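**Q** Sharing a structure, written as structure tokens. Questions coming.
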Amino acid sequence: MKVLGLIEQRSPARFLAGVAAPILATVVGLGIGDERTTAASLVYLLGVVAAAAFGGLGPGVFASVASFLGLNYFFTPPRQTLSVGKTDDLVALVVFVTVGMAVSSLVALGLAQRARAERRELEARSLYAISSRMLASEDLDAALTELAVSMRRLFGLGRCEVRIRSDDGTSVLRASDGDPVAGAAEISVGLSTADRDLGALVLFPGGAPFGEAERQVASIFARQTAAALERGILEQEARQARLAAETNRVRRALLSAVSHDFRTPLASIKASLTAITGDRDDALLTGPEALELLRTAIEETERLERLVANLLDLTRIRSGSLAPERVHIPVEELVEDAIAGLRAPLAEHPVEVMIRADVPLVDVDPVQVEQVFRNVLQNAAKFAPDGTPIRIAASRWQDAVEVRVSDRGPGIDPPDREAVFEEFFRSGDGREAGTGLGLAVARAIVGANGGAIWAEETPGGGATLVVRLPAVADAR
Amino acid sequence: MISVVVVDDEPQIARALRVALTARGYEVRTAGNGETALELIATEPPDLILLDLGLPGIDGVEVLHRLRGFSEAPVIVLSVREAQTEKVAALDAGADDFLTKPFGMDELLARMRATLRRAGSPGAPGDSLLTYGSIELDLAKKLVKRDGASIHLTPTEYTLLEAMATNPGKLLTHRWLMERAAGGVAGNASQYVRVYVAQLRRKLEDDATKPRWILTEPGLGYRWADS
């Protein structure tokens with residue numbers, strides 16, 4: 001039987017226990033008196049048990065034999081000799097040595113079992129910790145490195161590597177612990193599940209021996225790791241599939257939008273320009289009619305231009321290539337700049353701005369967020385009847401600032417309140433030449449700046465768009 | 001002066017059409033939605049209607065259905081290419097022709113003239129002899145000749161040919177043609193009509209793969225060449 005590291009490492013002390021116990025028992029026994037044979041034999045037995053408990057089987061057996069000799073020499077008549085006078089004494093001595101050996105082996109066995117149980121517990125704990133971490137964490141590489149560290153510590157390895165099979169079939173070192181061991185024999189434990197061969201754990205034994213028992217434990221580790229790895233890979237695949245589906249959805253929306261939203265201004269442009277050039281019978285159209293047609297063509301060209309710009313913005317923000325440059329800025333500055341840039345569209349609407357003094361600074365990209373307010377205000381101006389007021393109010397909400405832009409227009413039907421933020425959403429009454437992208441751009445920007453935007457009903461009628469922006473931690 | 005009603009919810013295109021058509025001598029009124037359009041048409045019937053299909057509120061096809069209850073004014077449908085099924089529905093509902101956006105004004109003017117011409121001479125009854133190139137059609141005797149030689153047609157083929165040849169230049173949907181040829185619509189109308197049109201082309205056209213007279217409008221139907 002293999003005696004485990006815990007005790008092995010204390011080898012000198014263990015040997016000492018085997019020697020010291022019989023000597024101590026002899027001294028105590030002689031102190032009691034050499035005619036007290038029974039008492040002495042019990043003291044010796046105590047020593048044997050102690051030697052076995054401290055030292056294990058070897059020292060226990062050694063103590064048994066030494067005690068037998070001591071008992072015979074010092075306490076069994078004729079004393080000071082190794083000869084035995086009476087048959088009874090001989091029987092007693094033989095029984096003693098047998099009992100001593102039996103006790104030694106029982107105690108040693110118990111100890112070894114306890115050590116094994118402890119190690120099993122340790123293995124189970126680290127297995128559980130690693131596999132749950134692998135399941136929980138997004139970072140598979142960190143979990144694999146941890147696996148290598150644990151394996152190396154548990155088995156006293158010189159080095160442990162995790163090699164993962166890549167898509168092209170080659171084996172790639174994904175994680176490792178310990179310095180490379182020159183010329184060491186490596187032990188490879190396959191990482192595979194029922195469905196796939198994922199790679200291997202490669203172990204380089206260090207000081208500690210690595211036998212069949214260790215290999216079995218390692219293969220349990222490997223199975224668990226493989227299962228966790230497979231789950232990780234499947235999850236990654238599912239994520240990619242979701243991403244692809246979303247990309248497809250956007251692409252389809254874009255395609256149908258391009259067909260409608262691009263073609264509509266194009267239709268006006270083409271109709272206007274071909275009306276001027278005339279058909280085969282007519283001459284070139286001139287005069288005020290031609291001017292009006294040209295103006296229409298220019299307006300519609302500008303609409304196309306806005307459409308393309310918005311589409312580009314949306315793509316850039318969504319792809320993350322237009323990262324916000326955040327600064328601490330008062331919200332009224334953003335709102336006022338937005339209003340200043342919209343003189344013409346807001347000409348027919350009185351704008352009331354009410355921002356309380358205790359509203360903290362916001363932590364956003366000012367250029368981007370000003371555009372959010374521009375888009376939201378443009379929308380309000382477009383849908384609310386001329387002459388109706390647009391109200392802008394800001395207030396603190398937990399660690400954010402909420403800006404509410406309320407109009408007195410027709411409002412947004414509850415089922416459309418989320419849909420208005422989708423690209424190319426059209427409301428039932430699309431009489432104005434919008435791009436269908438303003439609110440989608442607004443939502444993308446606000447999201448990139450750590451905020452949120454949604455639509456509500458204005459109390460008393462109309463639409464309210466709420467823009468929530470992250471506040472600077474220390475209030476002004 | 002020929003009066004036209006333009007129905008389109010895009011103010012820019014409505015304005016472009018109004019200016020361009022007014023400059024060509026048409027009297028133009030515009031409507032931004034179906035209700036207004038029906039009102040305009042009912043109060044003062046126009047000679048021609050240009051109708052966009054993608055309207056807010058009641059859509060273009062519904063406008064056509066209601067319109068046909070009280071007006072026979074020819075309708076040219078204007079729509080973006082994607083609205084294929086809507087286009088067929090509009091033609092079945094009684095539209096006379098369609099034009100895909102974006103279109104050139106010359107194309108629109110040509111279609112308007114053709115539509116008005118057809119509307120102005122509704123199937124002159126005395127005229128029972130039609131001639132298209134080398135094809136001669138005697139409607140009274142139900143006889144068809146090509147290069148002077150008599151051609152044998154089955155009754156269904158003849159009905160189909162007559163339906164097309166008496167509506168030159170007009171877009172005829174699969175459904176409309178099947179109703180004429182089979183007296184009703186059951187199953188796949190486009191498949192049914194396609195089979196007979198293929199036979200007619202083999203018998204009448206110089207090159208059935210490059211038809212001169214029976215033109216295909218993909219996904220919609222057929223058009224008998226105007227000239």
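**Q** In the list A:Thr435, A:Thr464, which residue meets the criterion of being of a type outside the set (Phe, Trp, Tyr), surrounded by 16 or more Cβ atoms within 10 Å (Cβ to Cβ) and at pLDDT 90 or above?
**A** A:Thr464
**Q** If you don't mind, there's one more thing I want to ask. Could you tell me which numbered condition A:Ala63 fails, if it satisfies all but one of (1) modelled with pLDDT of 85 or more; (2) out of contact with any helix residue (DSSP H, G or I) (no Cβ under 8 Å at 6 or more places or on another chain); (3) of a type in the set (A, V, I, L, M)?
**A** (2)
**Q** Here is a follow-up. Checking A:Ser166 against (1) over 22 Å from A:Leu140 (Cα atoms); (2) modelled with pLDDT under 80: exactly one of these is not met. Which one?
**A** Unmet for A:Ser166, out of (1) over 22 Å from A:Leu140 (Cα atoms); (2) modelled with pLDDT under 80: (1).
**Q** Right, something else. Checking the condition free of Cβ contacts under 8 Å to residues at least 40 places away in the same chain and either of a type in the set (A, V, I, L, M, F, W, C) or on the phi > 0 side of the Ramachandran plot (or both), which residue from A:Ala213, A:Ala218, A:Ala241 passes? Let's see the steps before the verdict.
**A** On the way: A:Ala213 fails: free of Cβ contacts under 8 Å to residues at least 40 places away in the same chain; A:Ala218 fails: free of Cβ contacts under 8 Å to residues at least 40 places away in the same chain.
Only one candidate qualifies: A:Ala241.
**Q** Somewhere in the range A:416-425, is a residue touching a residue at least 40 places away in the same chain (Cβ under 8 Å), more than 14 Å from chain B (Cβ to nearest Cβ), closer than 25 Å to A:Arg316 by Cα and buried (at least 20 other Cβ atoms within 10 Å of the Cβ)?
**A** Yes - at least one qualifying residue is present in the range A:416-425.
**Q** Still on this model: Which condition number in (1) under 17 Å from A:Leu191 (Cβ atoms); (2) of a type in the set (Gly, Ala, Ser); (3) modelled with pLDDT of 80 or more is the one that A:Ala92 fails?
**A** If we test A:Ala92 against (1) under 17 Å from A:Leu191 (Cβ atoms); (2) of a type in the set (Gly, Ala, Ser); (3) modelled with pLDDT of 80 or more, just (1) comes out false.
**Q** Does the range B:75-103 hold any residues that are within 10 Å of the chain's Cα centre (by Cα), more than 14 Å from chain A (Cβ to nearest Cβ) and buried (at least 22 other Cβ atoms within 10 Å of the Cβ), and which are they?
**A** B:Val75, B:Leu91, B:Ala95, B:Asp96
**Q** Check whether at least one residue in the range B:183-198 is out of contact with any helix residue (DSSP H, G or I) (no Cβ under 9 Å at 6 or more places or on another chain), part of a helix (DSSP H, G or I) and farther than 17 Å from B:Leu137 by Cα, and report yes or no.
**A** The answer is yes, given that some residue of the range B:183-198 is out of contact with any helix residue (DSSP H, G or I) (no Cβ under 9 Å at 6 or more places or on another chain), part of a helix (DSSP H, G or I) and farther than 17 Å from B:Leu137 by Cα.
**Q** Give me the residue from the range A:376-418 that is at pLDDT 90 or above and among the polar types (S, T, N, Q) and, out of that set, farthest from A:Val467 (Cα to Cα).
**A** Here the answer is A:Thr388.
**Q** Consider the range B:51-74. How many of its residues are within 14 Å of another protein chain (Cβ to nearest Cβ), over 18 Å from B:Leu220 (Cβ atoms) and either of a type in the set (A, V, I, L, M, F, W, C) or buried (at least 21 other Cβ atoms within 10 Å of the Cβ) (or both)?
**A** 2
**Q** Taking the residues in the range B:167-193 that are of a type outside the set (A, V, I, L, M, F, W, C) and loosely packed, with under 15 Cβ neighbours inside 10 Å as candidates, determine which candidate is modelled with the highest pLDDT. Show your work before the answer.
**A** Restricting attention to the range B:167-193, the residues satisfying the condition of being of a type outside the set (A, V, I, L, M, F, W, C) are B:167-170, B:173-175, B:179-180, B:183-184, B:187-188, B:190-192.
After this cut, where a residue has to be loosely packed, with under 15 Cβ neighbours inside 10 Å as well, the list is B:183-184, B:187-188, B:191.
Details: B:Gly183: 79, B:Gly184: 77, B:Gly187: 77, B:Asn188: 81, B:Gln191: 86.
If we take residues in the range B:167-193 being of a type outside the set (A, V, I, L, M, F, W, C) and loosely packed, with under 15 Cβ neighbours inside 10 Å, then B:Gln191 is modelled with the highest pLDDT.
**Q** Let me ask another. Does A:Ser126 satisfy the criteria of being surrounded by 17 or more Cβ atoms within 10 Å (Cβ to Cβ), under 22 Å from the mean Cα position of the chain (by Cα) and of a type in the set (Gly, Ala, Ser)?
**A** Spelling it out, A:Ser126 is indeed surrounded by 17 or more Cβ atoms within 10 Å (Cβ to Cβ), under 22 Å from the mean Cα position of the chain (by Cα) and of a type in the set (Gly, Ala, Ser).
**Q** Could you tell me which numbered condition B:Glu10 fails, if it satisfies all but one of (1) away from every other protein chain (no Cβ under 14 Å); (2) touching a Pro at 6+ places or on another chain (Cβ under 9 Å); (3) within 21 Å of A:Ala267 (Cβ to Cβ)?
**A** All conditions are met except number (1).
**Q** Looking at A:Glu289, A:Glu300, can you tell me which residue is acidic (Asp, Glu), in contact with a Ser or Thr (Cβ under 8 Å, 6 or more places away or on another chain), crowded, with 18+ Cβ neighbours inside 10 Å and within 14 Å of chain B (Cβ to nearest Cβ)?
**A** A:Glu300
**Q** How about the range A:1-117: which helices (runs of 4 or more DSSP H) wholly inside it have at least 2 residues that are over 51 Å from the mean Cα position of the chain (by Cα)?
**A** On the way: elements: A:5-8, A:11-32, A:37-55, A:57-70.
Where helices (runs of 4 or more DSSP H) fall fully within the range A:1-117 and carry at least 2 residues being over 51 Å from the mean Cα position of the chain (by Cα), they are A:11-32, A:37-55, A:57-70.
**Q** Which ones in the range A:305-326 are assigned to a helix (DSSP H, G or I), surrounded by fewer than 18 Cβ atoms within 10 Å (Cβ to Cβ) and aliphatic (A, V, I, L, M)?
**A** Within the range A:305-326, A:Val308, A:Ala309, A:Leu312 meet the criteria.
**Q** Just one of (1) assigned by TED's automatic domain parsing to the domain that holds B:Pro46; (2) part of a loop (DSSP other than H, G, I, E, B) trips up B:Gly169, so point out which.
**A** Every condition holds for B:Gly169 apart from (1).
The values are calculated or read from the model by the stated rules, or taken from the named source; none is laboratory data. It should be emphasised that the depicted structure is a prediction, and the values quoted were computed from it without experimental measurement. Cβ atoms come from the backbone with ideal geometry, glycine included; neighbour counts cover every protein chain shown.
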